[in-house]
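Quick notes on the structure that follows.
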Amino acid sequence: MPALTPDTIRTLAETLADLTDYLRKNPDPAEALALVKPLLDEYTGLPVQFADTLRALARAVQEHPDTPRTAQGDLLITELRTAAWELADQHTLHYVLDDLRDLYGSSPTSEQECCWCR
């Protein structure tokens, strides 16, 4: 694995910003859903990965010998862990994506039939 640097993480954030900009241009829904699908994967999507990242950060800070043992430090670590739980709860967004894909695939045609054709 290549070494992680602030620049590699910044590139990731910029890629997400590019995706957001692209989605704001109203692309084809099928293409938009395909682009977002990896981000909302049940096991490896952003909610799960970022929750794991926050938990790992909390553990790294808490276990580091130079971390001050104060009530404020404990509170901040608890806030990281709470945020991680809240993010992990969003792992079910892949169901929303599935439902949107189904909805888009079964959307009625834009042409209205006359009353005799229904």
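Brief remarks follow.
- Pairs, first farther than 22 Å from ASP89 by Cα in segment 24-50, second part of a helix (DSSP H, G or I), C-beta under 6 Å, six or more apart: PRO29/TYR104; ALA32/LEU23
- Just one of the listed residues (ALA83, ALA17, ALA3) is at pLDDT 95 or above, of a type in the set (Gly, Ala, Ser) and out of contact with any helix residue (DSSP H, G or I) (no Cβ under 7 Å at 6 or more places or on another chain), namely ALA17.
Conditions (1) of a type in the set (A, V, I, L, M, F, W, C); (2) in contact with an Asp or Glu (Cβ under 9 Å, 6 or more places away or on another chain), marked per residue:
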residue: ALA3; (1), (2): yes, no
residue: THR11; (1), (2): no, no
residue: ASP21; (1), (2): no, no
residue: PRO27; (1), (2): no, no
residue: LEU35; (1), (2): yes, no
residue: ASP41; (1), (2): no, no
residue: VAL48; (1), (2): yes, yes
residue: THR53; (1), (2): no, no
residue: GLN62; (1), (2): no, yes
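- Scope segment 44-97; condition under 22 Å from LEU12 (Cα atoms) and of a type in the set (S, T, N, Q); matching residues: THR44, GLN49, THR53, GLN90
- Pairs meeting the criteria (first residue in segment 71-87 and without any contact (Cβ under 8 Å) to a residue 60 or more places away in the chain, second residue of a type outside the set (A, V, I, L, M), beta carbons under 6 Å, at least 6 apart or on different chains) are ILE77/GLN62; ALA84/ARG55; LEU87/PRO47; LEU87/PHE50.
Conditions tested, residue by residue: (1) of a type in the set (Lys, Arg); (2) at positive phi; (3) surrounded by 10 or more Cβ atoms within 10 Å (Cβ to Cβ); (4) in a helix (DSSP H, G or I).
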| residue | (1), (2), (3), (4) |
| --- | --- |
| ARG69 | yes, no, no, no |
| GLN72 | no, no, no, yes |
| THR82 | no, no, yes, yes |
| LEU87 | no, no, yes, yes |
| GLN90 | no, no, yes, yes |
| LEU100 | no, no, yes, yes |
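- Looking across segment 8-29, just one residue is surrounded by 10 or more Cβ atoms within 10 Å (Cβ to Cβ) and assigned to a loop (DSSP other than H, G, I, E, B), and that is PRO27.
The values are calculated or read from the model by the stated rules, or taken from the named source; none is laboratory data. Note that the structure is predicted; figures quoted are calculated from it, not measured. All Cβ positions, even for glycine, are placed from backbone atoms using ideal geometry, and neighbour counts span all protein chains on display.
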